[in-house]
Structures are given as C-alpha cells and as structure tokens.
Amino acid sequence: MNRAHQDLRNDRLIRALRRQDVDCTPVWIMRQAGRYLPEYRAARERAGDFLTLCKTPELACEVTLQPLGRFDLDAAILFSDILTIPDAMGLGLSLNEGEGPRFARPVRTAADVESLIRPDPESDLRYVMDAVRLIRHELNGRVPLIGFSGSPWTLATYMVEGQSSRDFSIVKDMIYGEPSVARQLLGILSESVALYLRAQAHAGAQVLMIFDTWGGVLGHAEYRYFSLDPMAQIVDALRADPVAEALPIIVFTKGGGQWLSRIAQIGCDALGCDWTTSLREARRLVQDQVALQGNLDPAVLNSPPEKIRSAVADVLADFGPGPGHVFNLGHGITPGIDPDHVKVLVDSVHELSRSAP
C-alpha cells in the first residue's frame with residue numbers, strides 16, 4: 001500500500017477500491033458537502049457566492065469536513081467544482097443561483113481552441129492545491145481524501161455550449177461537423193486534466209476520480225472517440241507519475257452502463273455506476289477487473305427511514321458477496337434532502353454489510 005495510505009485510521013475505501021477484504025462496505029456520497037446541510041448554507045452565505053467558497057482554501061476545507069462531523073463516512077471529497085479548469089482558461093465563468101454555470105466567452109471555433117491556455121495547477125489553480133494540503137492536514141489520517149476533475153468531454157460541453165444544455169446541439173455540431181477541432185479541444189483538456197489530477201496527488205489526495213457527467217449523451221462510437229479515449233489518456237498519464245500512479249482511480253460516466261466493459265479496460269481501479277445499472281450485471285460485464293461504486297437513486301433519500309434501509313439492503317444484495325464494492329448514490333445528493341435520512345443511509349450500509357454472510 002502506498003505510503004500516503006499507511007497513516008489512515010480508516011482505510012476501508014482504499015481497500016475496497018483495491019478489491020481487498022473489508023470489515024464492512026465503505027460509503028461516501030457524491031456532493032456530500034452541499035446545500036442539504038444547514039452548516040454548508042451558512043458557510044456559503046459567509047463567503048458571499050459559490051466561487052468565493054471554492055476559491056478560499058480555508059472555507060473549502062471547512063465545507064469538505066462538515067459532513068464528516070455528522071456522518072460516519074469513509075471518505076472526504078475535496079470541495080470544489082468541475083469547471084475549475086475552464087475557469088482558469090479565462091472563459092469568464094459565472095455561477096448564479098438558479099441559473100447554473102455560464103461562460104462569457106464560449107469556445108466555438110478553431111481559433112478559440114488555438115487560443116486556449118493550459119492552466120498551471122500550482123499557479124492558476126493554486127487555491128485548489130492549497131485546499132487539498134489543508135484538508136489532508138486537518139483530516140490527520142481520519143479517512144482518505146478524494147480529489148477529482150470533470151472529464152474532458154464534460155468540460156467541453158460547458159465550454160462549447162457556454163452553459164448547461166438539454167440537447168447539447170452546439171457541441172454535437174462540433175463533433176460531427178468539425179471533428180478535428182473537437183479532437184484538438186479534447187486533447188488540450190486531456191493534458192490539462194492529467195496535470196490537474198497529478199498536482200492534486202502531489203498535494204495530498206489519496207484517491208482520484210474523473211466525473212464524466214455527460215458522457216451518456218453521446219452515441220456509441222462517439223463515446224469512445226470523444227469521451228473514453230481522452231479519459232484513457234489521462235489514466236495513462238497518471239500511471240506514468242511516481243506519486244499519482246500509486247493512487248486508486250475511479251471513473252464515472254453517468255448513463256454509461258452499456259460501456260462498462262470498455263471503461264474497465266482503460267486502467268482505472270473502479271467504475272461508478274448510476275442507478276439505471278444493476279451492480280450484479282455490472283460485475284458480470286467487468287468480470288471483477290475493477291471495483292464498482294454506487295448506486296442508490298438519490299431520490300430514495302426522500303423516503304421514510306425504513307424504505308431507505310430496505311433500499312440499501314437491495315443495493316448490497318445486488319452487488320452480492322465478495323470484495324470491491326464502494327456504496328454511493330448513483331449521482332449527487334439533491335439539495336432538499338433531510339440530513340437525518342443521510343445518517344440512516346450511512347449507518348445502514350455499515351450495519352447491513354457487516355452482518356451480511
């Protein structure tokens with residue numbers, strides 16, 4: 001095990017990602033630091049806006065640790081945003097309540113792509129690295145810290161569309177009408193994401209995750225060329241780094257259940273699964289090459305505690321016996337969830353998996 005993990009008092013997540021035996025199934029939750037927590041809302045109000053919250057290492061550290069004060073989680077995940085890289089490229093990111101992200105200067109032409117800079121993680125994104133270092137210090141070995149980035153394709157969708165999209169018509173026009181421009185953009189983003197994740201590893205992240213939030217909107221062939229291949233390049237670059245190569249890597253394509261066997265072949269350690277995929281079927285597809293993470297529907301957390309507990313049992317049973325499961329939601333927790341329901345979820349995962357045969 002990597003030296004960065006030797007001082008962990010709780011190494012369940014690392015062991016599960018390595019498909020080693022654990023005393024019970026580890027659990028963490030996508031967006032576990034978020035608006036459903038009153039303490040998060042208070043911190044955001046103090047910051048004044050979301051970007052200031054992300055870009056102030058002390059506040060990012062505070063928010064990262066908040067859910068660990070409430071729940072017996074097996075990991076902390078860096079509080080940040082997937083759009084840090086395009087923001088550092090100078091595209092004029094704004095994040096306003098109720099509007100979603102917007103870029104003042106979207107990337108639409110070959111000239112736009114040519115003019116992009118590759119951000120230096122220790123200067124242009126220093127606030128992220130400072131947050132990672134501070135969080136690792138404050139965790140003091142309690143649980144591992146997950147660092148992350150958006151995938152090149154997911155970042156490209158926002159950069160080209162200029163905002164969130166329902167049909168992705170502008171970026172799809174690029175991949176079909178000007179595929180060479182799209183490939184150039186994705187090449188720049190692949191290099192930038194690899195540098196960013198490598199820097200997080202050097203700053204102290206103990207697990208790395210790639211969020212391919214919008215890979216599932218692509219066609220079968222297009223997914224390989226415009227989403228999977230760039231992520232494979234990132235994994236290769238991380239495996240070539242003496243620090244990052246020792247860290248488990250999780251890849252999560254939302255809506256990508258049909259491509260799990262292909263994703264498993266790019267050299268990552270674990271695949272995230274959304275709730276549309278059976279974990280039992282996922283295990284059959286990947287043939288235990290990788291661990292699996294997921295995959296409760298976040299909407300279940302609106303249910304009464306007994307239903308949450310039953311749903312947890314169903315997910316655990318769907319994965320079945322054997323190592324290599326990290327319990328999570330199939331996507332991020334939604335803002336209106338009762339924190340007490342999250343506690344039911346976390347405690348049920350540990351209790352039910354520990355008592356399972």
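What follows draws every value from the coordinates through simple rules; no lab data is involved. Owing to the predicted nature of the structure, the values given are computational and were not obtained by experimental measurement. All Cβ positions, even for glycine, are placed from backbone atoms using ideal geometry, and neighbour counts span all protein chains on display.
Some observations on this one:
- Gaussian network model of the chain, springs between alpha carbon atoms under 10 Å - residue of TYR225, TYR176, TYR40 with greatest fluctuation: TYR176
- Whole-Hz Karplus values for region 86-92 come out as x, 4, 5, 7, x, 8, x Hz, taken residue by residue from phi with 6.51 cos²θ - 1.76 cosθ + 1.60 and θ = phi - 60°; glycine and proline positions read x.
- Candidate lysines - alpha carbon under 30 Å from LYS55, same-chain residues fewer than 8 apart omitted: LYS254, LYS343
- Per-residue Cβ neighbour counts within 10 Å put VAL349, VAL22, VAL243 in the sequence VAL243, VAL22, VAL349, beginning with the fewest.
- A cut-off under 12 angstrom between Cβ atoms defines the neighbours of CYS61, and their net charge, with Lys, Arg +1 and Asp, Glu -1, is -2.
- Annotation for region 188-231 versus region 89-114: alpha-carbon center distance of 19 Å.
- Sequence of ILE234, ILE250 once ranked by neighbouring C-beta atoms within 10 Å, starting from the fewest: ILE250, ILE234
- Sequence-distant contacts, meaning Cα pairs under 8 Å at least 6 residues apart, place the relative contact order of the chain at 22 percent.
- Compactness check for region 160-293: Cα Rg over 2.2 N^0.38 Å is 1.07.
- When each of the peptides 50-60, 301-311 is scored by the mean number of other C-beta atoms lying within 10 Å of its residues, the order from highest to lowest reads 50-60, 301-311.
- Contour minus Cα-Cα distance for GLN289 and ARG35 (0.36 nm per residue): 87.9 nm
- The modelled label-to-label distance for the pair GLU245/ARG224, using points 7 Å beyond Cα in the direction of Cβ, is 2.8 nm.
- Across region 166-178, computed HN-Hα scalar couplings (Karplus, 6.51 cos²θ - 1.76 cosθ + 1.60, θ = phi - 60°) run 9, 10, 6, 5, 6, 5, 6, 4, 5, 5, 8, x, 9 Hz from first to last residue, x flagging Gly and Pro.
- Among beta bridges that DSSP assigns inside the chain, antiparallel share in %, nearest 5: 20 percent
- For LEU116, distant residues with modelled amide H under 5 Å away: none
- In Hz, Karplus ³J(HN,Hα) per residue of region 142-149 (6.51, -1.76, 1.60; θ = phi - 60°; x = Gly, Pro): 4, 8, x, 9, 9, x, 7, 8
- One chain, two ends: ASN96 and SER169. Fully extended at 0.36 nm per residue, the span grows by 24.0 nm beyond their Cα-Cα distance.
- The ratio of the alpha-carbon radius of gyration of region 217-346 to the globular-protein estimate 2.2 N^0.38 Å is 1.14.
- Amide proton proximity set for ALA291, modelled H, under 5 Å, gap of 5+: ALA270, LEU271
- Amide hydrogen neighbours beyond the local backbone of GLY330, cut-off 5 Å, H modeled: TRP275, LEU296, ASP297
- For region 239-315, the alpha-carbon radius of gyration amounts to 1.27 times the rule-of-thumb value 2.2 N^0.38 Å expected for a compact globular protein.
- Stretched out straight at 0.36 nm per residue, the stretch from SER278 to GLU178 would grow longer than its current Cα-Cα span by 32.4 nm.
- Rg to Rh quotient for the chain, alpha carbon positions, Kirkwood Rh: 0.94
- The distance separating the Cα centre of region 21-63 from that of region 305-339 comes to 20 Å.
- Fluctuation leader among ALA291, ALA201, ALA111 - the chain, Gaussian network, Cα springs under 10 angstrom: ALA111
- The dipole here belongs to the chain: it is taken about the Cα centre, uses +1 on the Cβ of Lys and Arg and -1 on the Cβ of Asp and Glu, and is about 380 debye.
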